[in-house]
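Worksheet: the structure to be examined is printed underneath.
The values are calculated or read from the model by the stated rules, or taken from the named source; none is laboratory data. None of these values were measured; they are calculated from a predicted model. A quick note on method: Cβ atoms are made from the backbone with ideal geometry, for glycine too, and the neighbour counts reach across all protein chains shown. Protein only, heavy atoms only, side chains kept; ligands, DNA and RNA dropped before computing areas. Shrake-Rupley method; radii C 1.70, N 1.55, O 1.52, S 1.80 Å.
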Amino acid sequence: MTETLAEAQNSAANDPARGHETIVVLDFGAQYSMLIARRVRELNTYCELIPWDSPAERVAGLDVRGYILSGGPSSVYDEDAPVAPQWVYDSGKPILGICYGMQLLAHQLGGKVGPGSEREFGPASITRSIATPLLEGLPDSVEVWMSHGDRLEALPPGFVSIAHSGNSPYAVMADPARGYYGLQFHPEVVHTPRGKDMLRNFVRDICHSEGTWTSGNFIDETVEAIRKQVGNGKVICGLSGGVDSAVAAALVHKAIGDQLICIFVDNGLLRSGEAEEVVTTFRRNMQINLIHVEAEDQFLTQLAEVTNPETKRIRIGNTFVRIFERESRAIEDARFLCQGTLYPDVIESGSHGKGAKVIKTHHNVGGLPADMKLGLVEPLRYLFKDEVRRIGEALGLPEEMVWRHPFPGPGLAIRCIGEVTKERLDILRRADLIVMDEIREAGLYRDIWQTFAVLTDTKTVGVQGDYRTYGYAVAIRAVVADDAMTADWARLPHELLARMSNRIVNEVHGINRVVYDITPKPPGTIEWE
Ligand code: XMP
């Protein structure tokens, strides 16, 4: 069966995720909605995030054990305020309302929500008054993270108050007979240290999900599903050197062996040693059919004298598509394209309802040439990054590949401010390698979201030995983040920064100054271009 792009995006009939006990999160637009789904998955229970106004058919075929109503920016009294659909209440399954989700439960079930005198935001302490399965195993008093405007003034019929905070008599409410619970605070964020226990209690003891969503099960079931989907067809897969395409390719290879052909377009914009690693890992170690296209010259010709960041991106993207198309058209009876699309890409590109903001159209999902008549194989489209890494480890991919920091498609071109030439790229690669070496040596690689060097187009005066020098300034960027939407600069130890700086100015000819970027995102972006 060859699916069109649209069909593949909208249907997941073959997806192994569909066979598992599932918690469904209805998304009312909170910035933390995706985090709720991740936290549930960490409990080994499959979880999907769907727009609040989804029809009941959206969950058909899922083994739904319970629902979570997320937080959101609305007030239940707003005109057109998003509400939980009746089919969720009619399902007879347990429901956990979080923040706005709790207010909705109250509002829709006959309680009273009133405007809070002021927005409550930040840490608070709640105290339990009645035993409840939701707070089982927790101390009577726990720290939580509040972030809400409206607050509950009267409970709906059937509910009791389980815990209160200084500001709110109903910090936790419950109707145990129906399995309905409400939390005025956010259990999914790290600032609610016992939040994970509350979610575990809900998922395990209230929804009775045992937790079968594990790497081993996922791999076995996905391999089966891929075989069923592609039959005897050939699958092509573009490798970028990043973790997502690597894990996707490894999974597909496990399923169909030689029917997979990988194409690695080496654009000459990768970090030191990365191209070799891709070839060694896939061709030599895993014995995957790999077409290695050495296209550095083509890319650099396209980039000659280009300094505008957007022009760089467009030229690189176009060149890549042209080469990839040429190579894939040359593969006889290629019928499928494998992509490392992840769940956040799917959600961000998806048809979310009025309550949520659509953030961006991800290139993996939206930007394929329309005339490429290939079915899509996207074995990771229901996974979060941390799950992909676990799968990569279980498949035996090298640690450096599985844990690699995110790297932008346009590569070093957008870290080489101004003109992109082979000479400048080599300077940048040498500086970048030192930054990576030192961060690894310090044992900080996994604590940091991204670390890299940026070659600026600023030349400054220096003195080395008895000589005046006039060389480029390099910037070091290191950020911590949960996702790339926001980030903060990493408080790297000064000694570490000193070692990086010393080594760069001594070992990299052409650089005589090193600066550290101390800009959070927002207002800065992670990349400089
Ligand atoms: P910014 O710089 O917008 O980056 O804070 C957020 C995350 O996205 C990566 N990034 C890109 N990834 N193509 C990509 O595939 C791009 O053009 C691109 N630009 C930025 C960046 O590395 C960070 O992880």
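Does anyone have the angle between helix 309-329 and the longest principal axis of the chain? Alpha-carbon axes, 0 to 90°, nearest 10? Helix 309-329 sits roughly 90 degrees off the main axis of the chain. Shape summary: the range 145-288 maps onto an equivalent ellipsoid whose semi-axes, from the alpha-carbon gyration tensor, are 50, 21, 12 Å in decreasing order. Accessible surface ranking for Val463, Val235, 1.4 angstrom probe, highest first: Val463, Val235.
Highest mean packing comes first when the peptides 322-333, 427-438, 274-285 are listed by Cβ atoms within 10 Å, giving 427-438, 274-285, 322-333.
Angle between the Cα long axis of helix 33-42 and the longest principal axis of the chain, 0 to 90 degrees, nearest 10? That works out to roughly 90 degrees. For the residues Asp483, Asp90, a 1.4 Å probe over the protein chains yields an accessible-area ranking, largest first, of Asp90, Asp483. For the set Asp78, Asp447, Asp244, solvent exposure ranked by accessible area (probe 1.4 Å, protein chains only) runs largest to smallest as Asp447, Asp78, Asp244. With the largest listed first and rounded to whole Å, the semi-axes of the equivalent ellipsoid of the chain from the Cα gyration tensor are 44, 31, 20. Would you be so kind as to identify which of Asn217, His292, Thr451 lies farthest towards the positive end of the dipole of the chain, taking Lys and Arg as +1 and Asp and Glu as -1 on Cβ and the Cα centre as origin? Checking the options against the dipole of the chain, the answer is Thr451.
How big is the accessible area of Thr301 in square angstrom, nearest 10, if you roll a 1.4 angstrom probe over the protein chains? For Thr301, solvent-accessible area is about 100 Å². Remark: the chain carries 43 Å² of accessible area per residue (probe radius 1.4 Å; ligands, DNA and RNA excluded). Here is the size of the range 435-529 from its Cα atoms: Rg then Dmax, 14.1, 46 Å. Along the charge dipole of the range 215-402, Cβ charges K/R +1 and D/E -1, which of Gly340, Ile323, Tyr382 sits furthest on the positive end? Most positive-ward Cα: Tyr382. Charge dipole (Cα centre; +1 on Lys/Arg Cβ, -1 on Asp/Glu Cβ; no other charges) of the chain amounts to roughly 260 debye. Accessible surface of the chain, 1.4 Å probe: 50 percent of it comes from carbon and sulfur atoms.
Distance from the C-alpha centroid of the range 47-116 to that of the range 132-186: 16 Å, rounded to the whole angstrom.
Only Lys, Arg, Asp and Glu carry charge here, each on its Cβ (+1 for the first two, -1 for the last two); on that basis the range 420-516 has a dipole of about 320 debye about its Cα centre. Compute the acute angle (0 to 90°) between the alpha-carbon long axis of helix 243-256 and the principal axis of greatest extent of the alpha-carbon atoms of the chain; round to the nearest 10°. Here the helix axis deviates by roughly 80 degrees. In the complete set of protein chains, residue-level accessible area for Met485 is approximately 90 Å², probe 1.4 angstrom.
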